[in-house]
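Report on the following structure.
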Amino acid sequence: MRMNIAAALLAGTVLITLAGCSAAPEVTTTAAASVTESSSATEVTTTEAETTVTETSIQETTEAETVTEAVKTMKMKIGKREVDVTWEDNASVEELKKLAASGLTIKMSKYGGFEQVGSIGHNITSNDKQTKTAPGDIVLYSGNQLVVFYGSNSWAYTRLGKINLSKSELKELLGKKDVTVTLSVE
């Protein structure tokens, strides 16, 4: 009997229950592998098995926290109107989201009759590429300028997102006067 238990320990078996036992005994913490014999069951426990379970639990908890953080979305208001934005999945948006976590207000200025431009107040990661913009595009210019288009242009920008409004709604919202954009995270 002891030979089988020792073989089971070497083979990595965590718990052996003999017939006649109503329920498997709980695994308990021990400093090393041990063998306990009683009239109804033989129990083998190992610290290594418990450590593996604990490490797995920690990993699952960390993954759940990461998913929760990823679910947080950035919201945009132009003046007092919240607008629906489809944000890009890139490093620039992630850095902008961190800045927006405590609320980020950007004073914008009309420029060129097709866009509003404002300083973010910080440089963030950029990956500028020659881009032809369309109404509703939100881009990063020069690493620290937020640009929101109600017309179109062609320049080297980093794409951040797209406002989901019609061209006429965007022109009405952005084309008359300077605006304030507020970014927040929920």
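Observations on the structure shown:
- Taking Lys and Arg as +1 and Asp and Glu as -1, the other residues whose beta-carbon sits under 12 Å from that of Thr180 total +4.
- Ranked by the mean number of other Cβ atoms within 10 Å per residue, highest first, peptides 96-105, 135-144, 155-164 order as 135-144, 155-164, 96-105.
- P(r) tail, the range 72-185: Cα-Cα pairs separated by more than 20 Å, 30% of all pairs.
- Environment charge at Ala156 (Cβ cut-off 13 Å; Lys +1, Arg +1, Asp -1, Glu -1): +2
Each value in this text was obtained by applying a stated rule to the coordinates, not by laboratory testing. Treat the numbers as computed from the prediction; the structure is a model and nothing was measured. When we count neighbours, we look across all protein chains shown, and the Cβ atoms used for this are built from the backbone with ideal geometry, even at glycine.
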